[in-house]
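Quick notes on the structure that follows.
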Amino acid sequence: MLGRWPWGRAVHGNFMQLVGLTTPSVVTWDILFDDPSGQDEQFANGIRRSKTDVVLGGQGVEADLGIKPDDPALKHFKLAPLTRIEGDQSAIRSEAAMSVPHSPLGEAADIGFVDTPPGPDGFRREAPLVVKIAGNVYPTLALRSLMHYWHLTPDQVTVRLGDAVVLESSFVRRRIPIDRTGAFVINYRHALDGFLNYGYGETYASLYQRVQNRKKVEIPQLTGLIVLLGQTADGLSDFGPTPFSALTPLVL
């Protein structure tokens, strides 16, 4: 139905409008859209029309490969840094610049950073919750998704390096243990078959069919959930070793 991967971003815009019908709490894309496309406006419009909180991926990069947070091109981007940081920030994973989705995508969706480097043995045993870019501390993709899920603003997140990230508001309080770098130890509990796992094409087709035919068609029940979109098909790039397999989809 959708042809060969990678699909045009107009497809992603249509998908966002369709998946919005299932009322997820957050839709998070563990895919980088840091190169401009002629279909970015269609994707951005789909994000806006979905009326769903959306997080796109960014990445910390070297100075000559990216853009600084104070660049005027980012004026209208949703890139609010965290300000309540306690402890020595020198151990936080740091980069001089960032690679982020181009406008209008960076204006339509929030941005979380995908920086999760492997350890010396190639395994990702810790996952950063924060990353420092040009002196500013930003949430990674996982933390930004949780902030949207619990409707938290940056001033309701406290990062105590070497202790915990504390998420606190009038209706939620969570404490996530972290090390001095701002990373938490990954609890590998499930392989891919331990998650609700839906193929993009099949989900798109079932949602589209329901809209077109106005009939009851079985669709994923995603209401109130965090939906992660990432690469899980064999032969794609975002794979790495975990306790489950030598090649596991890193969106997990």
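Order 39-46, 182-189 from most to least packed using the mean count of other Cβ atoms within 10 Å.
On the way: 39-46: 20.2, 182-189: 15.0.
Going by the mean number of other Cβ atoms within 10 Å, highest first, we get 39-46, 182-189.
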Ellipticity estimate at 222 nm from DSSP helix runs (n ≥ 4, -39,500 (n - 2.57)) divided over the chain, nearest 500: -5500 deg cm²/dmol
Ranked by how many other beta carbons lie within 10 Å on average, peptides 50-57, 150-157 from highest: 50-57, 150-157
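About the Cα centre of the stretch 69-195, how large is the charge dipole given +1 on each Lys and Arg Cβ and -1 on each Asp and Glu Cβ? Please answer in debye to the nearest 20.
Working: 14 positive and 15 negative charges, 63 e Å.
Here the stretch 69-195 has a charge dipole of around 300 debye.
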Simple spin-label estimate for Q212 and A63 in nanometres, 7 Å along Cα-Cβ: 5.3
The chain - convex hull of the alpha-carbon atoms, volume per residue in Å³: 142
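Inverting the mean 1/r over all pairs of different Cα atoms, compute the Kirkwood radius of the stretch 47-118 and quote it in Å. Spell out each step's value before the answer.
Numbers: mean 1/r = 0.0739 Å⁻¹.
Computed over Cα pairs of the stretch 47-118, the Kirkwood hydrodynamic radius comes out at 13.5 Å.
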Charge context of L65, other residues only, Cβ under 12 angstrom, K/R +1, D/E -1: -3
Tail beyond 21 Å, pair distance distribution of the stretch 106-217 (Cα, percent): 53
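Please compute the contact order of the chain in relative form: average sequence separation of alpha-carbon pairs under 8 Å and at least six residues apart, divided by the residue count, as a percent. Can you show the working numbers first?
Numbers: 485 pairs, mean separation 55.5, N = 252.
Over the chain, the number comes to 22 percent.
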Positive minus negative residues near G162 (Lys, Arg vs Asp, Glu; Cβ under 14 Å): -2
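A short reminder: the numbers here are calculations on the coordinates, not readings from a lab. Since the model is a prediction, treat every value here as computed from it, not as a measurement. Quick reminder, even Gly has a Cβ in these numbers, built from the backbone with ideal geometry, and neighbours come from all protein chains shown.
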